[in-house]
1. Grab the other residues whose beta carbon is less than 12 angstrom from that of Arg174, score K and R as +1, D and E as -1, and report the net.
2. On C-alpha positions alone, give me the angle between the axis of helix 43-55 and the longest principal axis of the chain, in degrees, nearest 10.
3. Residues with amide H under 5 Å of Tyr154's amide H, sequence separation 5 or more or different chain, H placed in the peptide plane at 1.01 Å from N; which?
4. Would you tally the net charge around Asp102, using a Cβ to Cβ cut-off of less than 12 Å, leaving Asp102 out, and scoring K and R as +1, D and E as -1?
5. Taking K and R as +1 and D and E as -1, what net charge do the other residues with C-beta under 14 Å from the C-beta of Trp2 add up to?
6. To the nearest 10 degrees, how steeply does helix 139-148 sit against the main Cα axis of the chain, on a 0 to 90 scale?
7. Given the peptides 94-104, 80-90, 10-20, arrange them by the average over their residues of other C-beta atoms within 10 Å, most packed first.
8. Measure up Lys20/Lys155; Lys20/Lys123; Lys97/Lys182; Lys132/Lys182 against 24 Å on the Cα-Cα distance and list the ones that go over.
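What follows draws every value from the coordinates through simple rules; no lab data is involved. None of these values were measured; they are calculated from a predicted model. For neighbour counting, all protein chains shown are included, and Cβ atoms are generated from backbone atoms with ideal geometry for every residue, glycine included.
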Amino acid sequence: MWEKVSTSVPLTGLLLENIKVFDSAEEDKQFVSYPYSIVVSQVCDVAQHCEYIRTSPDKNGALRQIIFQLIHLPAFEAAHFKNGTHFEAQYGYTFEKIGSDDMKRIKSNQDRRYHYILSDDPKIPDLVLDFKHFFSSPVKEIFDCLVEKEELRYKLDHFHYTQVIDRFSHFLQRVATPEKPKEV
């Protein structure tokens, strides 16, 4: 499932560690950091961007190949997620604990909102993706972080990252007709 890769390119399925994400215009709360996140931007978009940057010295030309933001999903350690503490460090929230029946459904990927990644590598904990939570970061920021720390990284293999992207896309495409939101 986890492949070791040596890359400074944010490949689809790449596990990012401790990436800061813009959160608020308030000066003291501008960024939060997540221990893990997984890149879900399409590999073809990232590849075209990289090729254009590598081969085009000026900023005029086929700018349609440029992407400015990468989409990634926070990947929560399963133990923190089950205990409801997965947003504690970022926002101070503690959610209710997840019961064993619900956790079984999540672990077997039977709940369309979540994706459970049972790690096959002792350096990476089991992770839970909650498709209601995703963010984008400037491509340059991600590249700079990857270049700055030249180290071996981990990436989901093709089968598993395709599964994550398919499920994430399906979740975002659902048609829901909730009650009219109450005023805040």
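1. Value of the local net charge: +4.
2. Approximately 30 degrees, to the nearest 10.
3. For Tyr154, whose amide H was placed from the backbone, the distant partners under 5 Å are Val5, Leu15.
4. Neighbourhood net charge equals +3.
5. Result for the neighbourhood of Trp2: -2.
6. In the chain, helix 139-148 runs at an angle near 80 degrees to the longest axis.
7. The peptides rank, most packed first, as 10-20, 80-90, 94-104.
8. Lys97/Lys182
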